[in-house]
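Trainee: Right, I'll just put the structure down here and ask away after.
The values are calculated or read from the model by the stated rules, or taken from the named source; none is laboratory data. Note that the structure is a prediction, hence the values are computed from the model and not measured. All Cβ positions, glycine included, derive from the backbone under ideal geometry; neighbour counts span all protein chains shown. With ligands, DNA and RNA removed, areas are computed over all heavy atoms of the protein, side chains included. Shrake-Rupley method; radii C 1.70, N 1.55, O 1.52, S 1.80 Å.
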Amino acid sequence: MTLAPSRGLHAPAHKTAPHLIALRADHLPDAVEQSAALGWPYREADWRFAFDLGSGFAAEVDGRLVATALWWPYGQTHASMGMVIVDPGMQGRGLGRALMEKLLDEARDRTVFLNATQEGLPLYTQLGFVARGQVFQHQAVLPADTVLATTPASVRPLRAADDKSVRRLDLAATGMDRTALLSALFAAGTTMVVDRGAGVSAYACAREFGRGVVIGPVVASGADSAADAMDLIAALAGRTRGRFLRIDVTESSGISAWLSEMLPCVGHAVPMVRDIQARAIGADADADADADADADADARLFALSNQSFG
């Protein structure tokens, strides 16, 4: 959970009891204002993208939006949660907990992932989430004269024929059926892959987000996975020279230090997991993926699509 700073939109406390309801599309303009009070540069288009992919709850006081929380199902076994915001004038009333409990009730027995700020850690720990490493947030305006490595011939744009391979690769790396998310990402931006002639071994997406462009997810497999991930990031970053660029990389990726030479690390989040259950990877995905699962068994997630979706 993120708590808005004291300079937020509505400083006075309210005696009227908040009313929890389903988050609606007409809440989104006010949600943009709430996230802006946190310093989050979400556009209404970013809220709409998240809203269309998932669902959530809102808290209102006298018809005014004072809190939000969303979740995104990944098949029948997993989910991600995020965009949990509580207006500063409503803090201390248990709204964050109430919203999270509503989300968890909807998610039922799914394994749930989220990326926590320091403010949200105590609540999420109380709700049974366990911390797992860190996510490093890198961002800056990439200078127009930035020199990047030459893009290898193995890096090329996504083709329609790659769709199944890329989805299988993502499933192997995350263990989650992210079909709807990937379809939305492919439609919204640019996707590039690594293909040395034996099929796709890595992919990365870039799309408009916040103040500029976000690169992610980045997934790669094989002995050269780290190098492939860096090649894809460099290729996509090369298209954003002169613009604001953000990438959230996992601690396990090992590429944060390399990325810092291009984009400084400005902060971190704490990945957390609740109710991890022993499941075969992709148990709720198409059976057609099983035959090729071994080929991508070492696939890794190097960068998130963003901190809400994972």
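Trainee: At 1.4 Å probe radius, can you tell me the per residue accessible area of the chain in Å²?
Mentor: 43
Trainee: Using a 1.4 Å probe over the heavy atoms of the protein chains, calculate the carbon and sulfur portion of the accessible area of region 190-245 as a whole percent.
Mentor: Working: 790 of 1710 Å².
Solvent-exposed carbon and sulfur of region 190-245 make up 47 percent of the total.
Trainee: Any idea how far apart Val266 and Ala297 come out in nm if each label point goes 7 Å out from Cα toward Cβ?
Mentor: It works out to 4.1 nm between the two label points.
Trainee: What full-extension length gain, to one decimal in nm, is calculated for Arg196 and Arg132 as 0.36 nm per residue of separation minus the Cα-Cα distance? Numbers along the way, then the final one.
Mentor: Values: separation 64, 0.36 × 64 = 23.04 nm, distance 3.32 nm.
Working it through step by step, the gained length comes to 19.7 nm.
Trainee: On to the next question. Could you run the Karplus curve 6.51 cos²θ - 1.76 cosθ + 1.60 with θ = phi - 60° over region 218-234 and give me ³J(HN,Hα) per residue in whole Hz, x for Gly and Pro?
Mentor: Once rounded to whole Hz, the list reads 10, 10, 8, 9, x, 5, 9, 4, 5, 5, 5, 4, 5, 4, 5, 4, 5.
Trainee: Please give, to one decimal in nm, the separation of the simple spin-label points placed at Asp109 and Ala187, each 7 Å out from Cα toward the Cβ.
Mentor: 3.2
Trainee: Which of Gly175, Gly75, Gly267 ends up with the largest GNM mean-square fluctuation for the chain, with Cα atoms connected below 10 Å?
Mentor: With Cα springs under 10 Å in the chain, the top fluctuation among Gly175, Gly75, Gly267 is at Gly267.
Trainee: May I ask you to give the percent of accessible area on region 58-179 that is carbon plus sulfur, with a probe radius of 1.4 Å? Intermediate results must be reported in sequence, preceding the final value.
Mentor: On the way: 2580 of 5010 Å².
Percent of accessible area from carbon and sulfur atoms in region 58-179: 51.
Trainee: Let me ask something additional. For Gln91, list long-range residues whose amide hydrogen, built 1.01 Å from N in the peptide plane, is under 5 Å from its own amide hydrogen.
Mentor: Under 5 Å from the amide H of Gln91: no residue qualifies.
Trainee: Output ³J(HN,Hα) for region 100-108: one whole-Hz value per residue in order, computed from phi by the Karplus curve 6.51 cos²θ - 1.76 cosθ + 1.60 with θ = phi - 60°, and x for Gly and Pro.
Mentor: 5, 5, 5, 5, 5, 4, 5, 6, 6
Trainee: Using label points projected 7 Å from each Cα along Cα→Cβ, tell me how many nm separate Val141 and Ala25, to one decimal.
Mentor: Result: 3.5 nm between the two label points.
Trainee: Put +1 on the Cβ of every Lys and Arg and -1 on every Asp and Glu Cβ in the chain; which of Met100, Gln76, Leu185 then has its Cα farthest towards the positive end of the dipole?
Mentor: Comparing the listed Cα positions along the dipole, Met100 ranks first.
Trainee: While we're here: Using square roots of five times the C-alpha gyration tensor eigenvalues, list the equivalent-ellipsoid semi-axes of region 137-239 in whole Å, biggest first.
Mentor: On the way: eigenvalues 92, 59, 28 Å².
The answer is 21, 17, 12 Å, longest axis first.
Trainee: Let me ask something additional. Just round it to a whole percent: the fraction of Cα-Cα distances in the chain exceeding 35 Å. Display every interim value, and only then the final one.
Mentor: On the way: 9286 of 47895 pairs.
That tail contains 19 percent of the Cα-Cα pairs.
Trainee: With viscosity set to 1.567 mPa s and temperature to 4 °C, compute the Stokes-Einstein D of region 127-187, Rh being the Kirkwood radius across alpha carbon pairs; µm²/s, no decimals.
Mentor: Working: Rh = 15.7 Å.
Here the translational diffusion coefficient equals 83 µm²/s.
Trainee: Shifting gears a bit: Which whole-number percent gives the relative contact order of region 29-163, counting Cα pairs below 8 Å spaced six or more residues apart? Walk me through the intermediate numbers first.
Mentor: On the way: 117 pairs, mean separation 21.1, N = 135.
This gives 16 percent for region 29-163.
Trainee: Considering region 168-212, what Rg and Dmax in Å follow from its alpha-carbon atoms?
Mentor: Final numbers for Rg and Dmax: 11.9, 37 Å.
Trainee: What ³J(HN,Hα) values, in whole Hz, does the Karplus curve 6.51 cos²θ - 1.76 cosθ + 1.60 give for region 56-66 when θ = phi - 60°, with x put for Gly and Pro?
Mentor: Result, ordered by residue: x, 10, 10, 10, 10, 10, 6, x, 9, 5, 10 Hz.
Trainee: Explain nothing, just the number: dipole magnitude of the chain about its Cα centre with +1 on each Lys and Arg Cβ and -1 on each Asp and Glu Cβ, in debye rounded to the nearest 20. Each step should come with its number before you reach the end.
Mentor: Details: 28 positive and 36 negative charges, 152 e Å.
That gives a dipole near 720 debye.
Trainee: Please identify, among Val266, Val66, Val194, the residue showing maximal mean-square fluctuation in a Gaussian network model of the chain using a 10 angstrom Cα cutoff.
Mentor: In the Gaussian network model the winner is Val266.
Trainee: Only bridges whose two residues both fall in region 19-134 count here: according to DSSP, what percent of them are antiparallel, nearest 5?
Mentor: Numbers: 18 of 21 bridges.
That works out to approximately 85 percent antiparallel.
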